Structure formats: C-alpha cells, structure tokens
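Laboratory data are not the source of any read-out in this text; all were calculated from the coordinates shown. As the structure is a prediction and not an experimental result, all values here were calculated from the model. Counting neighbours? That spans all protein chains shown, and the Cβs are built from the backbone with ideal geometry, glycine included.
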Amino acid sequence: LGRSRGTDYFRIADQLTAEERGYWNRARHFVDDEVLPVIGDHWERAEFPRDLARRLGELGLVGDGIAGYGCPSMSPIATGLVHMELNRGDGSIGTFLGVQAGLAMQSIAMLGSPEQKERWLPPMARVDAFGAFALTEPTHGSDSVALETTARRDGDAWVLDGEKKWIGNGTIADVVVVWARDVADGQVKGFLVEPATTPGYHAERIDGKVSLRSVWQAHITLDGARVEESARLPEAHSFKDTARVLAGTRNAVAWGALGHATAAYEIALQYCTERTQFGRPLVGFQIVQQRLVTMLAEVCSMQLYCLRLGRLIEEGSLTDTIAAIAKMNNTRKARQVVADARDLLGGNGILLDFHVMRHMADMEALHTYEGTETIQTLIVGRDITGVGAFA
Ligand code: FAD
C-alpha cells in the first residue's frame, strides 16, 4: 500500500486520547492476529467462535463504557473504536459484542438494581457469562412497541408467556433480558430470565442464515416461565426505557458499519494495486480510481459522524434523532462501499478468502437490526416535520 495513508485523511487519530488509542490498538491487533486468520472457516461452518468471544473479556474490551462493576473504563469513543475494529474483522464478532455489552449489559446497567448489577455485570464483562436481549417477536419487529409477550404477577413471582424471534445468544445465554407487557397496567417491563433454571424457557437456533453466520440467533418460546420479583428490572417502567437502551446501541451500529466499509475499501485498494488487466494494474484506470476515491470519501464522512457521536455521548446530548441519522447514514453508505469493493475484486470477490463478500452479506443484517434504515428515516422524519408517519 506504499504511499497510502490508510483511511485517516481527516486525522481522526489526532483527536483521540492516549487511552482511546490504546483501546483502538488492542482491538486492532486482536482482529488482525486472532480473528482474520480463522473467521472465514467459522463463517462457512456457521460456528460461533466461543474462544474469540472469551478473548474479548480477557482483553478488557467488553463493557461499552459502563462505570464500575468490573467493566473497563472506556470513553464513548473508545467504545465506538472497539465496535468499529471488531466489525472491520467480522460482523459476527461485532454483533456478539453489540448484544453482550450494548444490549444486555447496558439494559442491566441502565435499568437494573444494585444487586442485579453486582451479580451480572462483572462476569459478563469477563465473558464468563453470556447475555441476550429479547425484544423482537415473530409478529412484531419494526413495531416492537406493540409486543404481545405477557407478564402476569403471581404472588412474589411473575409468569411470562409469548414468543421472541432473532434473539442473539438466545441459545447460549446465562441471562436473557426479556421484554414483556404487564397484563395489569399494560406497560412494557424487563425481566432477567436465567434459561438454565427456568422451566418454560425454550430456545431454537435459527439456521440457514446467509448473513452473520458465526453468531447465533434464537427463536424463543416462553411458556409459563416463572421469575422472581427480584429479577424484574426496577427502572424499566415502560417502552420508553427500552428505547433508551436502543438509542445507545444504534450508535454502536454506526461505528460497526464504518468498520465494514473500512475493511472493504482497504481490501479493494490492495487488490486493485496488485491485479493487472489490459497490461496495467487496475489502479491505473481512471474509472477504478474514481470508484476508490468515492469509497474513501464515504468512509471519511462516516468517521466524522462517529467522532461527533462519541463527543455528544460524552456531553450527555445524544438524542434518538441523532442516533437514528447516524445509523441510517452509516449503514446505507457501508452497504454501497462493500458492494463496490465486491465488484472491484471481480470473481475473487465472491470467495471467502478475499473477505469482501462476507462483509457484504453481514452488512445486510446491520442494515436491518436495531431498527431498519426505513424506521430510522421515520424517526428523523418525525423530528423534522413534527408528523409521525409510522402508522
Ligand atoms: P419488519 O418490521 O417486518 O419489516 C419489513 C420491512 O418493512 C422493512 O423493510 C421495514 O423497514 C419495512 N417497514 C416496517 N414498518 C414500516 C413502516 N411503518 N413504514 C415503511 N416501511 C416499514 N431483536 C432482538 O430483540 N434482539 C436481538 O438480539 C436481535 N438480533 C438480531 C440479529 C439479526 C441478524 C437480525 C436480522 C435481527 C435481529 N433482531 C433482534 C431483530 C431486528 O431488530 C428486527 O429484525 C428489525 O427490527 C426488523 O424487524 P422485522 O425483521 O420484523 O421486519
């Protein structure tokens, strides 16, 4: 790559603290040395790399900025850089972190009791315990606000009934944050369900995926699953509290999309430098240069979004609208960049060994989960017009 400056044309690295650079380097080395050499095989065999997930804990990369409780002290930007790097390596590893730290741990940290935090956050940060976040249902995805899983109070316990779909880690989790509607007051509440000791919890792995093949999602059935009152998240009073958790994780998806786009651009540049057609390297053709430059410009604009996202979170001024713009913008751009990279690799672009097809397939899931591009658009549309156009 000789004279290339990588993708840091706007000198993002200069804006980072030494600590943030430290997290970035640790995640980058982990991806280059431990993820990339093996991940293609895991993807092909649809195997979840438990050992790599555990390494994230050993390396102190799991915690998404949660203070205390054995979590590494990461700034929002350090957190984002780790999500970016993991997705630069592989969408499944990145998604695992998103579920473990962004969804499950953040639900407990934001809405749990001190006892719940003490019990779950330290082992989850070490990845000695796996977490899941069960919101989506077979008949409620974009409109998860209308979820139908019920919670009925029975003495000191709650009884949960319903179905959940697409739940990351649902078959391997030690604790699952289940969102259910209290039949008494109609509000959505959160419950910490421990599959190993909860009869009535049943999880089936969803097979046949062509995206994020090495992280598993589950179809969960809750059939009279009983949990104690002490397992209810005391600060989760309504769907608004669930939505607060999601605003934070959409930020992580924006960083993750940047990771996929960065990988694709770097692979395409390298490939076009080495590949010769019509007697000269592909980078010698004007159209190829134009396409590479367009990809780089998109990557740089995504970086600038992410940097500002991090600073806004630090100031405590991230809003649903900003998180939605960033998720929508970055996933849309990343989908285009990975598709262009795949094309620039010609036939080799569809081989796992060259990585871009895996990024292209994985980006499809980032585009959909945590609220589709259309749903993010509607969130922003409501803000700029004052008119909700969801229903
Ligand atoms: P639908 O809501 O049925 O949407 C289908 C299409 O209709 C989309 O294009 C959508 O944009 C469009 N649409 C919907 N409503 C409107 C509207 N009002 N106006 C215009 N267009 C509309 N969920 C969890 O709870 N936990 C997880 O760990 C989890 N992990 C996931 C992992 C993967 C790989 C995937 C694919 C999903 C995961 N999800 C998870 C679920 C995810 O959040 C949903 O798939 C997503 O919100 C979309 O819901 P849906 O699939 O039901 O699609």
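Just the projected area, averaged over all directions, of the convex hull on the alpha carbon atoms of segment 267-376: how many nm²?
7.7
So what's the back-of-envelope 222 nm ellipticity for the chain, counting only DSSP H runs of four-plus at -39500 (n - 2.57) apiece and dividing by all residues, rounded to 500? Please list the in-between numbers first.
Working: 12 runs with 187 residues, N = 391.
-16000 deg cm²/dmol, from helical runs alone.
Hey, fewest Cβ within 10 Å first, where do 328, 302, 110 land in order? Spell out each step's value before the answer.
Working: 328 24, 302 27, 110 17.
Going from sparsest to densest Cβ surroundings: 110, 328, 302.
Based solely on C-alpha atoms, express the radius of gyration and the Dmax of segment 64-212 in angstrom.
In order Rg, Dmax, the Cα atoms of segment 64-212 give 15.8, 49 Å.
Show me, for segment 296-303, the HN-Hα J-couplings you get by feeding each phi into the Karplus relation (A = 6.51, B = -1.76, C = 1.60, θ = phi - 60°), rounded to Hz, glycine and proline as x.
3J(HN,Hα) across segment 296-303, in whole Hz: 4, 4, 5, 4, 5, 5, 5, 4.
Between residue 210 and residue 293, what is the label-to-label distance in nm when each label sits 7 Å out along the Cα-to-Cβ direction?
Placing both labels 7 Å beyond Cα along the Cβ direction yields 3.5 nm.
Please report how far the C-alpha centroid of segment 332-362 lies from that of segment 232-288, rounded to the nearest whole angstrom.
Using only Cα atoms to place each centre, the spacing works out to 11 Å.
Hey, can you rank 169-180, 90-101, 48-59 by average C-beta count inside 10 Å, highest first?
Working: 169-180: 24.9, 90-101: 28.2, 48-59: 17.2.
Highest to lowest by the protection proxy: 90-101, 169-180, 48-59.
Tell me, 246, 222 in order of fewest to most beta-carbon neighbours within 10 Å?
Sorted ascending by nearby Cβ count, the order is 246, 222.
Extension gain residue 29-residue 314, at 0.36 nm per residue separation less the Cα-Cα distance, in nm?
Details: separation 285, 0.36 × 285 = 102.60 nm, distance 2.60 nm.
Length difference between fully extended and current span is 100.0 nm.
Over segment 20-141, how many percent of alpha carbon pairs lie in each 10 Å bin up to the one with the longest distance?
Values per bin, smallest distances first: 14, 45, 31, 10, 0.
Quick one: plug the Kirkwood hydrodynamic radius of segment 181-237 (C-alpha pairs) into Stokes-Einstein at 4 °C, 1.567 mPa s, and report D in µm²/s. Intermediate values should be presented prior to the final figure.
Working: Rh = 13.5 Å.
This corresponds to a translational diffusion coefficient of 96 µm²/s.
Restricting the calculation to Cα positions, tell me the Rg (one decimal) and the Dmax (whole number) of segment 342-391 in Å.
16.8, 48
Of 325, 206, 220, 350, how do they rank once you tally other Cβ atoms within 10 Å and put the fewest first? Walk me through the numbers on the way to the answer.
Working: 325 20, 206 15, 220 28, 350 12.
Placing the least packed residue first, the sequence is 350, 206, 325, 220.
What is the Cα radius of gyration of the chain over 2.2 N^0.38 Å, N being its residue count?
On the way: Rg = 21.0 Å, N = 391, 2.2 N^0.38 = 21.3 Å.
Output field value: 0.99.
How much FRET efficiency would the formula 1/(1 + (r/R0)^6) give for residue 223 and residue 51, where r is the Cβ-Cβ distance and R0 is 25 Å, rounded to 0.05? Mind dumping the intermediate values first?
On the way: r = 33 Å, r/R0 = 1.33.
FRET efficiency, residue 223 to residue 51: 0.15.
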